[in-house]
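What follows is a short report on a single structure.
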Amino acid sequence: MKLGYGPAGAGLIAAALIAVAPVGAQAESSGRNLALSCFSCHGPAGKSPDSIPAINGKNKAFIVKEMIGFRDGKRKSTVMQRIAKGYSDAEIGSLAGYLATVK
Ligand code: HEC
């Protein structure tokens, strides 16, 4: 019997690729991916060069608290409320975990 890579084989390969997508599978790498969108304002690796606060190397609990504060409107902000609304608790957790490790 010949074992080719027919449609069923292709389906298996596609399923394997989806399985390695960063959906909470590896908190650290997904935290890093999520954090990339923060760096456009907060500076490369979160080390802000100007008036926007730096977000690298801060306590994980601090980042989580501030992000949730922004999201819920408890902390007043210009842009962060809108940005924080785009993230779930789990995503904020992995973002904060990653940012805390960036020196
Ligand atoms: C469009 C620009 C922009 C982007 C993108 C952005 N921020 Fe901010 N961030 C700000 C500004 C401006 C402030 C100051 C508060 C305000 O006015 O919104 C701030 C404040 C913060 C603070 C408070 C820091 C402190 O020391 O008080 C945290 C934490 C933070 N941002 C995290 C993030 C994270 C995490 C992301 C990515 C998910 C992100 N920010 C993306 C502009 C941005």
In segment 50-70, residue nearest to the ligand (Cβ to nearest atom) [restricted to those that are in a loop (DSSP other than H, G, I, E, B) and in contact (Cβ under 8 Å) with a residue 24 or more places away in the chain]: Ile55
In segment 71-99, residue farthest from the ligand (Cβ to nearest atom) [restricted to those that are more than 19 Å from Ser29 (Cβ to Cβ), surrounded by 15 or more Cβ atoms within 10 Å (Cβ to Cβ) and of a type outside the set (S, T, N, Q)]: Arg71
Mind listing whichever residues of segment 83-103 are in a helix (DSSP H, G or I) and among the aliphatic types (A, V, I, L, M)? Ile83, Ala84, Ala90, Ile92, Leu95, Ala96, Leu99, Ala100
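Throughout, read-outs are computed from the coordinates displayed, never taken from laboratory work. As the structure is a prediction and not an experimental result, all values here were calculated from the model. Note that we place each Cβ from the backbone using ideal geometry, even for glycine, and neighbour counts take in every protein chain shown.
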